[in-house]
Structure formats: structure tokens, C-alpha cells
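The structure under discussion appears below in the form of C-alpha cells.
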Amino acid sequence: MKRIAIFASGTGTNAARIIEHFSNHASVQVAMVVCNKPQAGVLSVAAHHQIETLLIDRDRFFSGDGYVTLLQEKKIDWIILAGFLWKVPPTLLQGYKGHIVNIHPALLPAFGGKGMYGQHVHEAVIASKNTESGITIHQVDEEYDHGATLFQARCPVLPDDTAHTLAARIHALEHQYYPRVIEELLCR
Ligand code: GRF
């Protein structure tokens, strides 16, 4: 069994899809949800599915062991970021080399980097007058939104789109593909 920890600090709609996709899966299990915000919706998602949660502390994450010891004790094999905004520290990158994946709501390398999250991404895409956006699923390295691309999917940006309507189209793509791409990666 490959054990996943989902790192998320937002609403957790992607986390919910991933949890549902792997419930009763033969070889992949979502073992934990790791979060840095006590009020985050993703904690209710985890509770609803009876998945263990871990609320992490900034000091231990950035200046301590990056929670590597605890994650290893819990036999976590893969870390899946789904709306997790803290940068992954070097200790954790080293502990889980090649086993940390992120999803970004645009076609990287465009519209990525520090500060490019949530509505900021979609506002920038609309301001650019691009007629296409999409999602990128990628390996995580020491730079924001930078590691090797594993998968991209595209969707149109329509002339009357707002950040809100574009976000909804992107979210639908994320929900459709993120669980499948994780499955392909972990089960290949
Ligand atoms: C997603 O759009 C993802 O691309 C980004 O954060 C968002 C999380 O949304 N990294 P949700 O909490 O899964 O709804």
C-alpha cells in the first residue's frame, strides 16, 4: 500500500476528490491530511472521511525537521499538495525527494511563482488577454511552481470571463485530472 499525505490549507475540494478516488483502492491510501490553518475547510473534509489530520506549526516546519520524522513514522510515501501555500522547506524536500507533487491552476511556467495563487492567478491570466489557461501538475523542488511537469490540461479563457468564472472552469479540470494523474504516478 502506498500511503499519501495531502497537504492543504484551503477549502479542500481537490483533497475531497483525491480522498474519494482512493477510498477502497487496492494499492493507494490517503493516510493523512496536513494543514497549517486551524479554520481550513479541508479539516472538515478530512473529518467527514475519518482521515487523520495534522495541524502543523510554522517553526517546526521551517526551522525544525520539516515534520519528516513524523511523516516517516506514519509511513507516508508520497506528499500531495492541494492548495498548500507554504513553501516546502529543504529538509522535507530531501526526506521526500521526487515524492512531492503540486497542482497549479495555470499553464506553468506562465503565471507561477511567489504570490501567484488563487484568484491572483486567474486575474493575471485575464489581464494578459490569453485565450487559453489550464492546470499543471508538477514535481516540487526548492522554487515555487518550478519542478518537472507531469501533466497539463487546457481550457479556453472566454471573452466575458471573470477570475471567478475562470476559476470554476479550472477547478473542474483539477477535479477531473488530479486524482487520475496521482494514480498513474503511484501505480506505474
Ligand atoms: C487549487 O486551485 C489548486 O490549483 C491550488 O489551490 C487550489 C485549491 O483549491 N494550488 P481547493 O482547496 O482544492 O478547492
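The values are calculated or read from the model by the stated rules, or taken from the named source; none is laboratory data. Here the structure is a predicted model, which means the values were calculated and not measured. No Cβ is skipped: glycine too gets one built from the backbone with ideal geometry, and neighbour counts run over all protein chains shown.
Against the condition in contact with a Pro (Cβ under 7 Å, 6 or more places away or on another chain) and farther than 15 Å from residue 117 by Cβ, how does residue 184 come out, does it pass? No: the conditions fail for residue 184. Between 3, 17, 58, the distinction of being surrounded by fewer than 22 Cβ atoms within 10 Å (Cβ to Cβ), in contact (Cβ under 8 Å) with a residue 12 or more places away in the chain and in contact with an Asp or Glu (Cβ under 6 Å, 6 or more places away or on another chain) belongs to 3 only.
Before we move on, is residue 84 crowded, with 21+ Cβ neighbours inside 10 Å, near the ligand (Cβ under 10 Å from one of its atoms), at pLDDT 95 or above and in a loop (DSSP other than H, G, I, E, B)? In short, yes. Checking each residue in segment 145-163 for being of a type outside the set (Lys, Arg) and more than 22 Å from residue 84 (Cβ to Cβ) picks out 155, 156, 157, 158, 159, 160, 161, 162.
Residue by residue, here is whether (1) modelled with pLDDT of 95 or more; (2) assigned to a strand (DSSP E or B) holds:
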residue: 79; (1), (2): yes, yes
residue: 102; (1), (2): yes, yes
residue: 107; (1), (2): yes, no
residue: 111; (1), (2): yes, no
residue: 115; (1), (2): no, no
residue: 125; (1), (2): yes, no
residue: 137; (1), (2): yes, yes
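The residue that is farthest from residue 129 (Cα to Cα), counting only those in segment 145-188 that are in contact (Cβ under 8 Å) with a residue 12 or more places away in the chain and of a type in the set (Val, Ile, Thr), is 182. Residues that are more than 13 Å from the ligand (Cβ to nearest atom), of a type in the set (Phe, Trp, Tyr) and closer than 25 Å to residue 65 by Cα: does segment 126-147 have at least one? Scanning segment 126-147 turns up no residue that is more than 13 Å from the ligand (Cβ to nearest atom), of a type in the set (Phe, Trp, Tyr) and closer than 25 Å to residue 65 by Cα.
Screening 84, 7, 62, 22 for residues that are touching a Ser or Thr at 6+ places or on another chain (Cβ under 6 Å) and not small (Gly, Ala, Ser) leaves exactly one candidate, 84.
Residues that are among the polar types (S, T, N, Q), within 15 Å of the chain's Cα centre (by Cα) and crowded, with 17+ Cβ neighbours inside 10 Å: does segment 97-115 have at least one? Before the answer, list the steps.
Initially, segment 97-115 is screened for residues among the polar types (S, T, N, Q), giving 102.
Checking which are within 15 Å of the chain's Cα centre (by Cα) leaves us with 102.
Filter once more, keeping what is crowded, with 17+ Cβ neighbours inside 10 Å: 102.
Checking segment 97-115: at least one residue is among the polar types (S, T, N, Q), within 15 Å of the chain's Cα centre (by Cα) and crowded, with 17+ Cβ neighbours inside 10 Å.
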